[in-house]
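*Asks:* Just dropping this structure here.
The values are calculated or read from the model by the stated rules, or taken from the named source; none is laboratory data. Worth saying up front: this structure is predicted, and the values here are computed from it rather than measured. Cβ placement follows ideal geometry from the backbone for every residue including glycine, while neighbour counts extend to all protein chains displayed.
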Amino acid sequence: MNRLIANLSCRRRRLGDAKRAPFKRFPSRFAKRSIYGAIIGAFLVSSAFAQSDAHFAKANQEYAAGQFKEAIEDYESLVRGGQWSANLFYDLGNAYFRAGDFGRAILNYERALALEPRHPEADANLRIARDEARALELATTRPERSLQQLVSLNQYAIAASIAFWVGIFAITGLIFARRRSFGSTALSILSLSIFAFATATIVWIDNGNKGRALAIVTDKGVEARVATADNANSVLALPPGSEIKILSKRGDWIYAALPNNLRGWISAKSAEPIRL
Amino acid sequence: MFDLRCATLLVLAGALSLTTALADSPSVTAVLSNSEAAVGETVRLQIRVTGSGAKPPEQIKVDGLEIQRTGTEQHYEMLNFSVSQSVTYNYTVLPIRPGKFKIPPQTVQMGSNTFRTQELTLTVSDSAGGSTRSNPSAAQQSTVDPKKVGFIELVVPKREAYVGEIIPVVVKLCLNARVRFQQIEPPEIKAQGLTMQKLEKGSRDMETINGATYDVTTFKTAIAAARTGKFEIPGLESKALALLPQRDSSNRNTPRRRSPFDMFNIDPFNDPLFGDLRMVEPQRITLQSEPATLEVKPLPPNAPANFSGAVGNFTLTTEANPKSVQVGDPITVKSTIAGRGNFDRVTAPGLEDDRGWHKYPPSSKFQKDDDVGISGTKTFEMVLSPNEKKQAVPPLTFAYFDPAKEQYVTLRSEAIPVKVEGNALPSAATSTTAATAAASAQSSPAAPGSSTPATRKPQDILYQVTDFGRPQSFTPLYARPIFWMTQLIPFLALLGFAAWKIRQARIDNRDAQRTAALQHEAADLMRKLRRDDSSPQEYFSQASRAIQVKTALARKVDPNAVDEEVAAKTFTLGETERAQLRRLFARNDELRYSGAKNGSGSISRQDRHEVLELIENLRA
């Protein structure tokens, strides 16, 4: 009897081990690696952020000490590292302003505003830098200006997305409904209208004078010319910080839309695009 | 009669052929047009063969002479019914070096006979002048009037001008149409103290001048004097190689036979340009024009302040764009100066009053209306930036000297209305940084009378931000993959919603089908009930089924679950109808379960009517 009981308990233990085995192996291979990976990733990310924060703090200290060139170098190294924030570009713009390079100051204020359109400090300092440099701006129409000020491009994209799906759901409901209600019809029309408006606005702004092709003249004494030659006739003298819209590139030359509805060629080294 | 005529003709023909044969005794002679020549001076060699079927020498080779065959002449002569035929083979002999050359006897094959010419001697001197003989070619050169070959006409429309005034000049190169020319050099103006533009080749026409036809090529240019005084434009020169016809040397010193045209002095064959047209002689000729003088006067004193040296007659038009701007925004002022004069001295018109405006260096573009650029349109584009509120772009002024009126003229445009909004920029009048001022100065010097930009303390910028902020990207949201991945959520939701709706529709569809089937069954039953051909069992069964179906349709329930109570409740029947209904269902049950034997074998008309009325009145 005792033997029988011992045999039974032994079999039960073996069965229990067999059942538990796969669950025991799983965390050891998969979850452990995932956990380790996540920990290492988090560590790397946090250390990168900590490093960039330290770099940023150092550059700020140099700026406060009046060492603008050193501050510019440190800010620029952060930019080259791909750690971008509106505040970084704003501070870099300030450093350039203090160093007397209004063209690059304007460029970085514009970059700060491209990342964060409602950055009040960047907006204020951009106005001052433009006044100082007498920089020329590309003309925008009143509706374009109003739409840009209304919300950002990303917000237009979100609005377009939401409106699109609401419209599509409403239309689907209408298709399957026995009776077409006025509310569903009105909702679908309204949603799709909002979607069309938001999409058209994105396309318009993005391809407009202040869109993705916008660039800033950073060099001094830049003149737009009628042809790709240094001795070609001048179209317009562009003070540093002036806005241009890049239309095409040919070698070391940029064909650009200029302020006052002019067009001309300028050296590619003389201007930098706002969007990196 | 006919035979006599034929015989006469045959005799004449025979006599003619005999005389021809007699006259054609073959002979070969060679002759040089001149036994003396200079190097480069061509001499004609003729080999005359009397008779037919001769084969002349193709090449004659003599060291120091270049002999080329130039053509063949055939001559027929009839003298006292004696016809003679001769062929002259012409050659050009060009001496390459001086010396005494012997042209050896040449062999001419004529049928089976061979004939030889005599030996010829040619004495070649070093140059035409060095020749001991009187050079006939040189004599001919002197006999040809160069003016008949060609000439140059210099047309200067004015003899008096002002300093800087542009004077159009036309040069006509007239070449006799009967003479062939090679290597024509275009005329060239060389005058000290005058600036002139490149001689532009204009039209080419045929003109008759003094009875002769000339090929006239017109050249255009413009001259301007940089200082005062009397200038002489020397005669223009052009060199060309004329291929003049060579006259027969044997007739050179003898007068031509008189021609019937001689009495009217219009004999074209008396023209020295008409010689022996078979032979041409290249001659280098120099064509010249008469010189011209130009008196250049100084400009009057007291020139306007903005006078830049423009002399001529001009008009000024201006426009500005955009018309509505904010303070500090650029306005492009386009000014166009059109007319006739020295456009190289035409500068951009200046603002009459530039206070409150920031000016940028203008750009210019010239569009000429003629070949030499005396008349045209010069367009200037100047960017102005208002420093304060403005109602108009001030008038632009441009000063020039009008040589026709002999006075200075100042053109003044109208003020261009513009709308400048916004607050005045701080220290607007002098708001130019050193860097910008330098950039502007590089492009163009400051206009006379404009305010000198002064340096000022830059406005102070806002503080530094110490918080790095959250990392951001320049890529727009719609261009990021995460955005499009997020769209999968509503997409999947839409798919679920659509699936649910489709399922609902299918369910609804099944109900509709069932209702349609019941309606069809009810109609069929009513049709059967109206007929008199069914047995009582069938009749009551159909009647109770019709009630069940109608009730099922009204309540959306299974007709088999309907009894008389449910039907009465559904149609809210009165007591009488309820009783009728109960009786009907009871009768049906009775007939179904007890068989057809109970009761009569048929249903009375009254009963049918009552049942039908009851069923038809069942309405929910």
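*Asks:* Would you call B:Asp467 more than 10 Å from every other protein chain (Cβ to nearest Cβ), outside any helix (DSSP H, G or I) and either exposed (fewer than 11 other Cβ atoms within 10 Å of the Cβ) or modelled with pLDDT of 85 or more (or both)?
*Replies:* Values: more than 10 Å from every other protein chain (Cβ to nearest Cβ): no; outside any helix (DSSP H, G or I): yes; either exposed (fewer than 11 other Cβ atoms within 10 Å of the Cβ) or modelled with pLDDT of 85 or more (or both): yes.
No, not satisfied.
*Asks:* Would the stretch B:342-364 turn up any residue that is under 30 Å from B:Val296 (Cβ atoms) and within 14 Å of chain A (Cβ to nearest Cβ)? Don't jump to the end; show me each part of the working.
*Replies:* At the first step, the residues of the stretch B:342-364 found to be under 30 Å from B:Val296 (Cβ atoms) are B:342-350, B:364.
Subsequent filtering for residues that are within 14 Å of chain A (Cβ to nearest Cβ) retains B:348, B:364.
The answer is yes, given that some residue of the stretch B:342-364 is under 30 Å from B:Val296 (Cβ atoms) and within 14 Å of chain A (Cβ to nearest Cβ).
*Asks:* Further question: Would you please name the residue that is nearest to the other protein chains (Cβ to nearest Cβ), looking only at residues in the stretch A:243-276 that are over 23 Å from B:Phe474 (Cβ atoms) and of a type in the set (Gly, Ala, Ser)?
*Replies:* Taking the candidates together, the pick is A:Gly264.
*Asks:* Which number in (1) more than 12 Å from chain B (Cβ to nearest Cβ); (2) under 17 Å from A:Tyr156 (Cβ atoms); (3) among the basic types (Lys, Arg) marks the one condition that A:Arg212 misses?
*Replies:* In the conditions (1) more than 12 Å from chain B (Cβ to nearest Cβ); (2) under 17 Å from A:Tyr156 (Cβ atoms); (3) among the basic types (Lys, Arg), A:Arg212 misses (1) alone.
*Asks:* Within the stretch B:147-156, can one find any residue that is outside any strand (DSSP E or B) and at pLDDT below 75? Show your work before the answer.
*Replies:* As a first pass, look at the stretch B:147-156 and keep what is outside any strand (DSSP E or B): B:147-149, B:156.
Checking which are at pLDDT below 75 leaves us with B:147-148.
So far as the stretch B:147-156 goes, yes, one or more of its residues are outside any strand (DSSP E or B) and at pLDDT below 75.
*Asks:* Is it fair to say B:Thr217 is more than 30 Å from B:Arg345 (Cβ to Cβ), touching a residue at least 24 places away in the same chain (Cβ under 8 Å) and surrounded by fewer than 14 Cβ atoms within 10 Å (Cβ to Cβ)?
*Replies:* On the way: more than 30 Å from B:Arg345 (Cβ to Cβ): yes; touching a residue at least 24 places away in the same chain (Cβ under 8 Å): yes; surrounded by fewer than 14 Cβ atoms within 10 Å (Cβ to Cβ): no.
Spelling it out, it is not the case that B:Thr217 is more than 30 Å from B:Arg345 (Cβ to Cβ), touching a residue at least 24 places away in the same chain (Cβ under 8 Å) and surrounded by fewer than 14 Cβ atoms within 10 Å (Cβ to Cβ).
*Asks:* Just to be sure before I move on: is A:Ala170 on the phi < 0 side of the Ramachandran plot, more than 10 Å from chain B (Cβ to nearest Cβ) and touching a residue at least 24 places away in the same chain (Cβ under 8 Å) in the structure I sent?
*Replies:* Values: on the phi < 0 side of the Ramachandran plot: yes; more than 10 Å from chain B (Cβ to nearest Cβ): yes; touching a residue at least 24 places away in the same chain (Cβ under 8 Å): no.
It is false that A:Ala170 is on the phi < 0 side of the Ramachandran plot, more than 10 Å from chain B (Cβ to nearest Cβ) and touching a residue at least 24 places away in the same chain (Cβ under 8 Å).
*Asks:* Additional query: Just give me the residues in the stretch B:170-190 being surrounded by fewer than 17 Cβ atoms within 10 Å (Cβ to Cβ) and either under 18 Å from B:Pro157 (Cβ atoms) or touching a Cys at 6+ places or on another chain (Cβ under 6 Å) (or both), in sequence order.
*Replies:* Answer for the stretch B:170-190, where residues must be surrounded by fewer than 17 Cβ atoms within 10 Å (Cβ to Cβ) and either under 18 Å from B:Pro157 (Cβ atoms) or touching a Cys at 6+ places or on another chain (Cβ under 6 Å) (or both): just B:Val170.
*Asks:* Against the condition exposed (fewer than 13 other Cβ atoms within 10 Å of the Cβ), at pLDDT below 85 and at the interface with chain A (Cβ under 10 Å from one of its Cβ atoms), how does B:Pro426 come out, does it pass?
*Replies:* Values: exposed (fewer than 13 other Cβ atoms within 10 Å of the Cβ): yes; at pLDDT below 85: yes; at the interface with chain A (Cβ under 10 Å from one of its Cβ atoms): yes.
For B:Pro426, the condition - exposed (fewer than 13 other Cβ atoms within 10 Å of the Cβ), at pLDDT below 85 and at the interface with chain A (Cβ under 10 Å from one of its Cβ atoms) - is met.
*Asks:* Here is a follow-up. Check A:Ile205, A:Ile162, A:Ile194 and return the single one that is within 13 Å of another protein chain (Cβ to nearest Cβ), in contact with a helix residue (DSSP H, G or I) (Cβ under 8 Å, 6 or more places away or on another chain) and part of a helix (DSSP H, G or I).
*Replies:* Values: A:Ile162 fails: in contact with a helix residue (DSSP H, G or I) (Cβ under 8 Å, 6 or more places away or on another chain); A:Ile194 fails: within 13 Å of another protein chain (Cβ to nearest Cβ).
Sole residue among the options that is within 13 Å of another protein chain (Cβ to nearest Cβ), in contact with a helix residue (DSSP H, G or I) (Cβ under 8 Å, 6 or more places away or on another chain) and part of a helix (DSSP H, G or I): A:Ile205.
*Asks:* Quick check, is A:Asp206 surrounded by fewer than 19 Cβ atoms within 10 Å (Cβ to Cβ) and either more than 30 Å from A:Val151 (Cβ to Cβ) or small (Gly, Ala, Ser) (or both)?
*Replies:* On the way: surrounded by fewer than 19 Cβ atoms within 10 Å (Cβ to Cβ): yes; either more than 30 Å from A:Val151 (Cβ to Cβ) or small (Gly, Ala, Ser) (or both): no.
Against the criterion (surrounded by fewer than 19 Cβ atoms within 10 Å (Cβ to Cβ) and either more than 30 Å from A:Val151 (Cβ to Cβ) or small (Gly, Ala, Ser) (or both)), A:Asp206 does not qualify.
*Asks:* Evaluate the stretch A:222-235: report whether one residue or more is touching a Pro at 6+ places or on another chain (Cβ under 7 Å) and in contact (Cβ under 8 Å) with a residue 12 or more places away in the chain. Steps first, answer last, please.
*Replies:* Our first condition is that a residue be touching a Pro at 6+ places or on another chain (Cβ under 7 Å); within the stretch A:222-235, this holds for none.
No: zero hits.
*Asks:* Another one. Considering A:Ile106, A:Ile128, which residue is β-branched (Val, Ile, Thr), in contact (Cβ under 8 Å) with a residue 40 or more places away in the chain and more than 15 Å from B:Gln472 (Cβ to Cβ)? Spell out how you get there, then give the answer.
*Replies:* Details: A:Ile128 fails: in contact (Cβ under 8 Å) with a residue 40 or more places away in the chain.
Of the residues listed, the single one that is β-branched (Val, Ile, Thr), in contact (Cβ under 8 Å) with a residue 40 or more places away in the chain and more than 15 Å from B:Gln472 (Cβ to Cβ) is A:Ile106.
*Asks:* Out of B:Ala567, B:Ala586, B:Ala554, B:Ala561, which single residue is in contact with a helix residue (DSSP H, G or I) (Cβ under 9 Å, 6 or more places away or on another chain), among the aliphatic types (A, V, I, L, M) and in contact (Cβ under 8 Å) with a residue 60 or more places away in the chain? Break it down stepwise before answering.
*Replies:* On the way: B:Ala567 fails: in contact (Cβ under 8 Å) with a residue 60 or more places away in the chain; B:Ala586 fails: in contact (Cβ under 8 Å) with a residue 60 or more places away in the chain; B:Ala561 fails: in contact (Cβ under 8 Å) with a residue 60 or more places away in the chain.
Testing whether each residue is in contact with a helix residue (DSSP H, G or I) (Cβ under 9 Å, 6 or more places away or on another chain), among the aliphatic types (A, V, I, L, M) and in contact (Cβ under 8 Å) with a residue 60 or more places away in the chain leaves just B:Ala554.
*Asks:* Can you work out which of the residues in the stretch A:101-129 that are more than 19 Å from A:Arg275 (Cα to Cα) and more than 7 Å from chain B (Cβ to nearest Cβ) is surrounded by the fewest Cβ atoms within 10 Å (Cβ to Cβ)?
*Replies:* A:Pro120
*Asks:* Filter the stretch B:365-399 down to residues that are among the acidic types (Asp, Glu) and touching a Ser or Thr at 6+ places or on another chain (Cβ under 7 Å) and give me whichever is farthest from the other protein chains (Cβ to nearest Cβ). Don't jump to the end; show me each part of the working.
*Replies:* If we filter the stretch B:365-399 for residues that are among the acidic types (Asp, Glu), which is where we start, we get B:369-371, B:381, B:388.
From what's left, touching a Ser or Thr at 6+ places or on another chain (Cβ under 7 Å): B:369, B:381.
Working: B:Asp369: 19, B:Glu381: 7 Å.
For the stretch B:365-399, the residue satisfying everything is B:Asp369.
*Asks:* I would also like to ask the following. Name the single residue that is surrounded by the most Cβ atoms within 10 Å (Cβ to Cβ) among those in the stretch A:229-242 being within 11 Å of another protein chain (Cβ to nearest Cβ) and closer than 15 Å to A:Lys269 by Cα.
*Replies:* A:Leu238
*Asks:* Does the stretch A:74-83 include one or more residues that are facing chain B (nearest Cβ under 8 Å), buried (at least 21 other Cβ atoms within 10 Å of the Cβ) and in contact with a helix residue (DSSP H, G or I) (Cβ under 7 Å, 6 or more places away or on another chain)?
*Replies:* Checked against the condition, which is being facing chain B (nearest Cβ under 8 Å), buried (at least 21 other Cβ atoms within 10 Å of the Cβ) and in contact with a helix residue (DSSP H, G or I) (Cβ under 7 Å, 6 or more places away or on another chain), the stretch A:74-83 yields no hits at all.
*Asks:* Something else: State whether the residues of the stretch B:302-311 include one that is out of contact with any strand residue (DSSP E or B) (no Cβ under 7 Å at 6 or more places or on another chain), of a type in the set (Ser, Thr, Tyr) and at pLDDT below 90.
*Replies:* Narrowing the stretch B:302-311 to residues out of contact with any strand residue (DSSP E or B) (no Cβ under 7 Å at 6 or more places or on another chain): B:302, B:305, B:308-309.
Applying the additional criterion that residues be of a type in the set (Ser, Thr, Tyr) yields B:308.
Then keep just the ones that are at pLDDT below 90; that gives B:308.
Scanning the stretch B:302-311, I find at least one residue that is out of contact with any strand residue (DSSP E or B) (no Cβ under 7 Å at 6 or more places or on another chain), of a type in the set (Ser, Thr, Tyr) and at pLDDT below 90, so the answer is yes.
*Asks:* For residues that are facing chain A (nearest Cβ under 7 Å) and either assigned to a helix (DSSP H, G or I) or touching a residue at least 12 places away in the same chain (Cβ under 8 Å) (or both), tally how many sit in the stretch B:484-501.
*Replies:* 5
*Asks:* Let me ask something else. Within the stretch B:193-221, can you find the residues that are over 29 Å from B:Gln283 (Cα atoms) and touching an Asp or Glu at 6+ places or on another chain (Cβ under 9 Å)?
*Replies:* Correct list: B:Thr221 only.
*Asks:* Looking at (1) among the charged types (D, E, K, R); (2) under 29 Å from A:Val151 (Cβ atoms); (3) more than 19 Å from the chain's Cα centre (by Cα); (4) at the interface with chain B (Cβ under 7 Å from one of its Cβ atoms), which one does A:Asp53 not meet, given that it meets all the others?
*Replies:* (2)
*Asks:* Here's a follow-up. Out of the residues in the stretch A:130-159 that are of a type in the set (Lys, Arg) and in a helix (DSSP H, G or I), state the one that is surrounded by the most Cβ atoms within 10 Å (Cβ to Cβ).
*Replies:* Step one: filter the stretch A:130-159 for residues of a type in the set (Lys, Arg), giving A:130, A:134, A:142, A:145.
From what is left, the residues that are in a helix (DSSP H, G or I) are A:130, A:142, A:145.
Working: A:Arg130: 21, A:Arg142: 8, A:Arg145: 12.
That would be A:Arg130.
*Asks:* With the structure loaded, tell me whether A:Glu144 is within 9 Å of chain B (Cβ to nearest Cβ) and modelled with pLDDT under 90 or whether it fails that test.
*Replies:* When the stated conditions are applied, A:Glu144 does not pass them.
*Asks:* Here is a further query. For B:Asp215, work out the one condition from (1) farther than 19 Å from B:Val149 by Cβ; (2) in contact with a Cys (Cβ under 9 Å, 6 or more places away or on another chain) it doesn't fulfil.
*Replies:* (1)
*Asks:* Does B:Leu384 qualify as being closer than 30 Å to B:Glu165 by Cα and aliphatic (A, V, I, L, M)?
*Replies:* Numbers: closer than 30 Å to B:Glu165 by Cα: no; aliphatic (A, V, I, L, M): yes.
No: the conditions fail for B:Leu384.
*Asks:* Find the helices (runs of 4 or more DSSP H) located wholly in the stretch B:522-620 whose residues include 3 or more that are of a type in the set (A, V, I, L, M) and under 30 Å from B:Ala512 (Cβ atoms), and list them.
*Replies:* On the way: elements: B:536-555, B:564-570, B:575-594, B:605-616.
Here the list reads B:536-555, B:564-570, B:605-616.
*Asks:* From the list B:Pro330, B:Pro291, which one is surrounded by fewer than 21 Cβ atoms within 10 Å (Cβ to Cβ) and either within 14 Å of chain A (Cβ to nearest Cβ) or touching a residue at least 12 places away in the same chain (Cβ under 8 Å) (or both)?
*Replies:* Details: B:Pro330 fails: surrounded by fewer than 21 Cβ atoms within 10 Å (Cβ to Cβ).
The match here is B:Pro291.
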